[in-house]
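Read the structure below first, then the notes.
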Amino acid sequence: MKLREYEGKRIFAEAGIPVPRGRLIRSVDELGDPAEFGDEVVLKAQVDVGGRGKAGGVVICPASEAKERAAELFGKTIKGLPVTEILIEEKLPIAHEYYCAVLVDRSTRQPVVLFTEAGGVEIEETARTAPDRIRRVQVPALMTALPSFAVRDLVGKGPKALGPVVAALYRTFLAKDALLAEINPLVVLEDGRAVAADAKVIVDDNALARQGIAQNRDLTEREREAEKHGFSYVELDGDVGVVGNGAGLTMATLDLLQHYGLRAANFLDVGGGADRERVAHAVRLLASSPGVRVIIVNLLGGITRCDEVAKGIVEAGVDQRIIVRMAGTNEAEGCALLQEHGYEMYGSMDAAVGAAAEARP
């Protein structure tokens, strides 16, 4: 789950990483006296999207204009999201911007620390055009602190104030079960202090309870509903619903859809041993998604019984066309029930997806 900037900065401050003076507000009435943060202030929309600065979500203005500019910002949507929270902060006297992040390297399944002198809003461009400017240190997963020599290698000839921040960011990454802990920009001020001018933290969904987070804000309403019923579901932007069992089979179905020029509306894995009730919930969930015109059910029955799957499909009673491919335990009984109710069945995944392709509008 992505934390918002103010939440990330709160975590950084607790870890000893300096952050700007500021306050979160949810209305203009909560603004107070902006002059407490200096003659100029920064208003930052707290929305869960990247690139908000370029989209008008970050405003620098005189403290005397803060109320008017905050009212304008509350009236905006940033990349489709309404602004309901604003972080007001002091404007920092920045001498130089750096970038530092700790993330999981998927190829090695270990943390990697990244650092570059070219921080700021163009970091993606730096990574694309000049990747050699980004220094990296791979850290063994069992290492609970970043060694001093690794900190020195990352910071290079940068100011000494950067070292403690880099070390603390790595400790924070581990302590918060993070997939990403990023400071961009990590700034050095005119007086030599290092400050986290921004904060981005993504916590592993599997560790939310351990971190005391009751609800995953990143889930859509349908994804949250799927979680209640015990299956894995991710919304996509296509018009073909997919029900599978097992991540591999479900992903293979999505790949075959793409091969046929179709777009999946979702990833939905009902898991092993799915009974009629879970299958019915899965089919109804997809049918409730706007734009889903056809649903493909592709299951292999091991501990999952095909007759239970068939009963769930029938009980779901949805209006969309349903195309079924299933094989395995109690296959004959399941197919007989579906045939009795007039459902389309195919003997292979390729044939099932091909049938959906032939019926495209």
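For region 244-261, which positions are over 30 Å from LEU3 (Cα atoms) and not in a helix (DSSP H, G or I)?
Within region 244-261, GLY244, ASN245, TYR260, GLY261 qualify.
Exactly one of these conditions fails for LEU24: (1) out of contact with any Asp or Glu (no Cβ under 8 Å at 6 or more places or on another chain); (2) part of a strand (DSSP E or B). Give me its number.
Among (1) out of contact with any Asp or Glu (no Cβ under 8 Å at 6 or more places or on another chain); (2) part of a strand (DSSP E or B), the lone unmet condition for LEU24 is (1).
Please specify each residue of region 189-243 satisfying the condition of being more than 18 Å from the chain's Cα centre (by Cα) and either within 18 Å of GLY271 (Cβ to Cβ) or not in a loop (DSSP other than H, G, I, E, B) (or both).
LEU189, ALA194, VAL195, ALA196, LYS228, HIS229, GLY230, PHE231, VAL240, GLY241, VAL242, VAL243
Residue-by-condition table, conditions (1) at pLDDT 95 or above; (2) outside the structural domain of TYR233 (by TED's automatic domain parsing); (3) under 23 Å from ARG222 (Cβ atoms); (4) polar (S, T, N, Q):
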| position | (1), (2), (3), (4) |
| --- | --- |
| VAL270 | no, no, yes, no |
| LEU285 | no, no, yes, no |
| ARG293 | no, no, yes, no |
| GLY301 | no, no, no, no |
| VAL324 | yes, no, yes, no |
| SER348 | no, no, no, yes |
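Condition first: small (Gly, Ala, Ser), crowded, with 18+ Cβ neighbours inside 10 Å and more than 33 Å from the chain's Cα centre (by Cα). Now tell me which residues in region 310-354 satisfy that.
Our first condition is that a residue be small (Gly, Ala, Ser); within region 310-354, this holds for 310, 312, 316-317, 327-328, 332, 334, 336, 342, 347-348, 351-352, 354.
In the following step, the residues that additionally are crowded, with 18+ Cβ neighbours inside 10 Å were identified as 310, 312, 316, 334, 352.
ALA310, GLY334 - these are the residues of region 310-354 that are small (Gly, Ala, Ser), crowded, with 18+ Cβ neighbours inside 10 Å and more than 33 Å from the chain's Cα centre (by Cα).
Go through (1) assigned to a strand (DSSP E or B); (2) under 30 Å from VAL139 (Cα atoms) one by one and return the number of the condition GLY119 breaks.
Answer for GLY119: the failing condition is (1).
Conditions (1) crowded, with 22+ Cβ neighbours inside 10 Å; (2) at pLDDT 95 or above; (3) charged (D, E, K, R); (4) more than 19 Å from ASP204 (Cα to Cα), marked per residue:
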{"residue": "SER107", "(1), (2), (3), (4)": "no, no, no, no"}
{"residue": "GLN110", "(1), (2), (3), (4)": "no, no, no, no"}
{"residue": "GLU125", "(1), (2), (3), (4)": "no, no, yes, yes"}
{"residue": "ALA141", "(1), (2), (3), (4)": "no, no, no, no"}
{"residue": "PHE173", "(1), (2), (3), (4)": "yes, yes, no, no"}
{"residue": "GLU182", "(1), (2), (3), (4)": "yes, yes, yes, no"}
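Report, by residue number, each residue of region 33-60 that is of a type in the set (A, V, I, L, M, F, W, C) and more than 19 Å from the chain's Cα centre (by Cα).
Matches in region 33-60: ALA35, PHE37, VAL41, VAL42, LEU43, ALA55, VAL58, VAL59, ILE60.
Each row is one residue, and each column tells you yes or no for (1) farther than 28 Å from LEU219 by Cβ; (2) in the same structural domain as ALA196 (by TED's automatic domain parsing).
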{"residue": "LYS2", "(1), (2)": "no, no"}
{"residue": "GLU36", "(1), (2)": "yes, no"}
{"residue": "VAL41", "(1), (2)": "yes, no"}
{"residue": "ASP48", "(1), (2)": "no, no"}
{"residue": "VAL58", "(1), (2)": "no, no"}
{"residue": "LYS67", "(1), (2)": "yes, no"}
{"residue": "CYS100", "(1), (2)": "yes, yes"}
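I need every pair where a residue in region 158-185 that is in a loop (DSSP other than H, G, I, E, B) has its Cβ under 7 Å from the Cβ of a residue that is of a type in the set (Asp, Glu), sequence separation at least 6 or different chains.
Hits for this filter: GLY158/GLU117; ASP177/ASP204.
The values are calculated or read from the model by the stated rules, or taken from the named source; none is laboratory data. Since this is a predicted model, take the numbers as computed values, not measurements. So basically every Cβ, Gly included, is an ideal-geometry build from the backbone, and we count neighbours across all protein chains shown.
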